Amino acid sequence: GGNNNSLVWKNIPQRTTLWKKGDGTPCSVGQNMNFPVSTRRFGSLIFTIDFLGTMFRVQVPAVDNPQVMFSAVAGSINEAYSVRLNFEMVRDNVVLKYKQCRLVTFKADGSTTFSEDTGPKILGVEGEY
């Protein structure tokens, strides 16, 4: 009574850094990320992605071959993008390969372009319990 304590249960997420760029280069299409523990320990994975000079954080279920999808709008031209990153588990849920990036470009005239793109880079991966 009279204080700011909540009367309902709280969920406090626990996150573990599985991989991060550090001082090296970010992970590009075709490269592997080596994790210290299996991704099967987690309920979800959080990817930090660099695309068009903007950092995106996308949370997806921790499945064996995760797919990350997000949308972006260009800052200087009249285009919007829909991005899908495909990952493949290479070994024992501790080595994840950045397999492919599919990019859909929506132009101002209503046309769309589908392409394989190597622009989005992975800056980090976290596991959340």
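The values are calculated or read from the model by the stated rules, or taken from the named source; none is laboratory data. Note that the structure is predicted; figures quoted are calculated from it, not measured. Quick note on the areas: whole protein, heavy atoms, side chains included, nothing else; ligands and nucleic acids left out. Shrake-Rupley method; radii C 1.70, N 1.55, O 1.52, S 1.80 Å.
Annotations
- Enumeration of residues in the range 92-111 that are open to solvent by less than 20 Å² (accessible area, probe 1.4 Å) and either β-branched (Val, Ile, Thr) or under 30 Å from Asn78 (Cα atoms) (or both): Val95, Tyr98, Cys101, Leu103, Thr105
- Top-ranked residue of the range 1-60 - restricted to ones that are open to solvent by 50 Å² or more (accessible area, probe 1.4 Å) and closer than 13 Å to Pro120 by Cα, ranked as nearest to the chain's Cα centre (by Cα): Arg57
- Of Ser71, Ser82, all but one fail to be over 15 Å from Gly127 (Cα atoms), assigned to a strand (DSSP E or B) and open to solvent by less than 50 Å² (accessible area, probe 1.4 Å); the exception is Ser82.
- When the test is whether a residue is charged (D, E, K, R), closer than 30 Å to Pro36 by Cα and open to solvent by less than 80 Å² (accessible area, probe 1.4 Å), Asp64 passes it.
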